[in-house]
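The values are calculated or read from the model by the stated rules, or taken from the named source; none is laboratory data. Bear in mind that the values here come from a model prediction, so they are computed numbers and not experimental data. Backbone-built Cβ (ideal geometry, glycine too); neighbour counts: all protein chains shown.
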Amino acid sequence: MEPFSTHTGIIATLNRSNVDTDQIIPKQFLKSIKRTGYGPNAFFDWRYTDDGRPNKDFELNDPRFAGRSILAVRNNFGCGSSREHAVWALFQDGYRVIIAPWKEVNGERVPGFADIFRNNATKNGLLTVELSEEEVEQIFLAVAGNEGQKATVDLASQKITLLEPNPMVCSFDIDKGSKKQLLEGLDDIELTLQFEGDITRFENEYDPMLSPASPPLDKA
Amino acid sequence: MGKTLFQKVWEPHVVRELADGSTLLYIDRHLVHEVTSPQAFEGLRLHGRKIRRPELTFSTMDHNVPTTEDRMDIKDPVSAAQVEALSRNCQDFGVTLFGLGDRRQGIVHIIGPELGLTLPGLTIVCGDSHTSTHGAFGALAFGIGTSEVEHVLVTQTLAQNKPRTFKVEFVGRPGPRIFSKDFVLKLIGTIGTAGGTGHVLEYSGEAISALSMEARMSICNMSIEAGARAGMIAPDETTYAYITAENRPYAPQGEQLERAIAYWKTLPSDDDAVFDRTLTIDTGRIAPQVTWGNNPGMVVDIDQPIPDPDQAGGYTRADVENALAYMGLIPGTLLTDVSVDVVFIGSCTNARIEDLRLAAEILKGRNKADHVQLLIVPGSQQVREQAEAEGLPEIFKSAGGEWRYAGCSMCLGMNPDQLRPKQRCASTSNRNFEGRQGKGGRTHLVSPQMAAAAAVAGKFVDIRQWPET
Ligand code: SF4
């Protein structure tokens, strides 16, 4: 996995909430047994018309967003299916950072991203940034008012800086594990294999009652 | 302070705590299907790695398989290649496969419980978000991505951040023809499709205790549609009766079973256990639920009008307008005035034998409306056999329905069963996302009896007013 430290790029906006992974990469592209080739099919049903041409009405096809690599969206992005193909598609379509707002509903914090999507993203070097609704609204306004609006995202300091002419700085939270994995581009299987001894020890002492199909019954 | 069911399952699986605050968790059962596994097996080959515990890994083919008589001959070469890849991978890496043509083949979340692989107290994962289904047994079961599939194959563990807990209590007694599908749609309509994100739901209360295992599975199945990765129900006598039924080859037997049950009895949440959140829903007030939009939270009681874009709680005006435009619906319309083109009874939510019996109860001695296509797709080949033993296919066929072989079918059109653009479908599946059942298709999620009645009437009906059968 490519490490992520800092990224500067053009921001594109998609004014939708609850964008599910069926929209990010529709089912017909899940038949591939490869990890590559998904980029042009990201948002396929929205992106192209029935005769295969770019759909002019789809926001991300706006020529203003040519060369974009940061995507700002609304709440609950990546919900639904666990398909990692959604992350592969976004990454291969050139996105490096996705920004979504958390929001408050009845005193509870509703996260900006669905759980499985966020995990999958981290494992592929795609940074998910959660901001407040007001901050994301500011980004939408900045992008609407200025073609080619850019931002710099710095993971080490956990900051997004919108560049001129709409300068603005937002801080974001990220859990320690995801941050380290992204910064160092770590292979998490390698990481876990360092604990091989712990896993073996665990298996030796494991109560088979929990797992009646595992062999050593007489050890209980 | 007491412990929750979730804590009691989580804690014995902790291999170690990691420096970043996450936990390395041991995985007891790994279920695999053809769509989300090829790249994981490719990763194994690339690094020259093996599967750590192939005997804890089980696989089947469900998403791509055709459901018609000639299904062994998959015409789509890309689907065929994916199915073949799974066969080859299972053979090369020593994984048990219930493949196409096997008596035990079926939708992964239906065959796990059926074969006795799904048991209380276990950790179960699968590269599929509806793995939450297995939580109905008091297992901690959740969906994972393909990178995580590879991680589990190699290490039999996963690094996880501990989720928060959310108790949803279903109290009271539901009215006639109100099903667990209505319970869970009501819940999602109440808390929204992200309302459970970051949490493990525990369903409890007298209305849950009264449900069969199969009905419990339908609820846990849709936990993910509320954003939660997992939903759990404490094991009880209903659970043990299901597990000790005949024909569960992987369930413990004899003395091992007795010891297992003694252990399972310790799992329910303690009375003084504390949850991060709680919610109570009175099932006596739940009406039959129908979705009107493009996520499962966009749902109404069958006797309520489709909401106005400004009055749909929790959604922006743009969200609602997009959804209504896609669905071809006008605010204020009653769904009982909306006709359907296709009825799909199937999927890991509602394609178990009890679901088919419920549908048959409505269809018996009746005919589907002429303009409706009615598809009944059993969730597994064993469900199919059982239905045949009970004479259900005759009822379905004489009503004008198509009786199919096991697979995901029209839940997601990765196989030949798909909606055409603008076709409207009453579906017992779990997702009404745009294009899910076929590009441009319009999905309304309902219970099996609501679906069957829609097939007969040719439009949505309030099943509470259906004549007694
Ligand atoms: S039936 Fe539908 S939801 Fe269930 S596993 Fe198959 S595709 Fe997924």
When residues of the stretch A:79-97 are filtered for being more than 16 Å from the ligand (Cβ to nearest atom) and of a type in the set (Asp, Glu), how many remain?
1
Unmet criterion (only one of (1) more than 10 Å from chain A (Cβ to nearest Cβ); (2) in a loop (DSSP other than H, G, I, E, B)) for residue B:182
(2)
Does residue B:188 meet the test of being crowded, with 24+ Cβ neighbours inside 10 Å and touching a residue at least 12 places away in the same chain (Cβ under 8 Å)?
yes
Of all residues in the stretch A:1-45 being in a loop (DSSP other than H, G, I, E, B), within 13 Å of chain B (Cβ to nearest Cβ) and charged (D, E, K, R), which is nearest to residue B:297 (Cα to Cα)?
A:16
Taking only the stretch A:33-56 into account, find how many residues are without any contact (Cβ under 8 Å) to a residue 12 or more places away in the chain and touching a strand residue (DSSP E or B) at 6+ places or on another chain (Cβ under 8 Å).
3
Of the listed residues (B:268, B:296), the one being assigned to a loop (DSSP other than H, G, I, E, B) and in contact with a strand residue (DSSP E or B) (Cβ under 7 Å, 6 or more places away or on another chain) is B:296
Which of the residues belonging to the stretch B:384-415 are within 16 Å of the ligand (Cβ to nearest atom) and either among the hydroxyl-bearing types (Ser, Thr, Tyr) or away from every other protein chain (no Cβ under 12 Å) (or both)?
B:384, B:404, B:405, B:406, B:407, B:409
Out of the residues in the stretch B:105-127 that are of a type outside the set (A, V, I, L, M, F, W, C) and within 13 Å of chain A (Cβ to nearest Cβ), which is surrounded by the fewest Cβ atoms within 10 Å (Cβ to Cβ)?
B:116
Scanning the stretch B:436-463 for residues that are part of a loop (DSSP other than H, G, I, E, B) and of a type in the set (Val, Ile, Thr) gives B:446, B:461
Among the residues of the stretch B:284-301, are any without any contact (Cβ under 8 Å) to a residue 24 or more places away in the chain and either aromatic (Phe, Trp, Tyr) or farther than 30 Å from residue A:104 by Cβ (or both)?
no
Restricting to the stretch B:1-12, name every residue that is touching a Phe, Trp or Tyr at 6+ places or on another chain (Cβ under 8 Å) and modelled with pLDDT under 95.
none
Report whether or not residue B:338 is of a type outside the set (Phe, Trp, Tyr) and touching a residue at least 40 places away in the same chain (Cβ under 8 Å).
yes
Name the one entry in B:392, B:445 that is touching a residue at least 12 places away in the same chain (Cβ under 8 Å), under 29 Å from residue B:192 (Cα atoms) and not basic (Lys, Arg).
B:445
For the stretch B:49-104, name all the residues that are part of a loop (DSSP other than H, G, I, E, B), in contact with a strand residue (DSSP E or B) (Cβ under 7 Å, 6 or more places away or on another chain) and at the interface with chain A (Cβ under 9 Å from one of its Cβ atoms).
B:63
Checking B:306, B:345, B:330, B:281 in turn, the sole residue that is within 16 Å of the ligand (Cβ to nearest atom), touching a Leu at 6+ places or on another chain (Cβ under 9 Å) and of a type in the set (Val, Ile, Thr) turns out to be B:345
Quick check: anything in the stretch B:28-36 in a strand (DSSP E or B), more than 14 Å from the ligand (Cβ to nearest atom) and either over 24 Å from the mean Cα position of the chain (by Cα) or within 18 Å of residue B:116 (Cβ to Cβ) (or both)?
yes
Looking at the stretch B:299-329, which of its residues are part of a loop (DSSP other than H, G, I, E, B) and acidic (Asp, Glu)?
B:303, B:308, B:310
Would you point out which residue out of B:166, B:137, B:142 is buried (at least 24 other Cβ atoms within 10 Å of the Cβ) and at the interface with chain A (Cβ under 9 Å from one of its Cβ atoms)?
B:142
Hey, among B:193, B:197, which residue is within 9 Å of chain A (Cβ to nearest Cβ), within 20 Å of residue B:125 (Cα to Cα) and touching a Pro at 6+ places or on another chain (Cβ under 9 Å)?
B:197
So residue B:376 clears everything in (1) touching a residue at least 40 places away in the same chain (Cβ under 8 Å); (2) touching a Lys or Arg at 6+ places or on another chain (Cβ under 9 Å); (3) of a type in the set (Val, Ile, Thr) except one condition, right? Which one?
(1)
I want to confirm something. Restricting to the stretch A:160-208 and keeping residues that are under 17 Å from the mean Cα position of the chain (by Cα) and of a type in the set (Lys, Arg), which single residue is nearest to the other protein chains (Cβ to nearest Cβ)?
A:176
Within the stretch A:53-68, does at least one residue satisfy the condition of being under 28 Å from residue B:38 (Cα atoms) and surrounded by 15 or more Cβ atoms within 10 Å (Cβ to Cβ)?
no
Looking at (1) closer than 21 Å to residue A:50 by Cα; (2) without any contact (Cβ under 8 Å) to a residue 12 or more places away in the chain, which is the only condition residue B:397 fails?
(1)
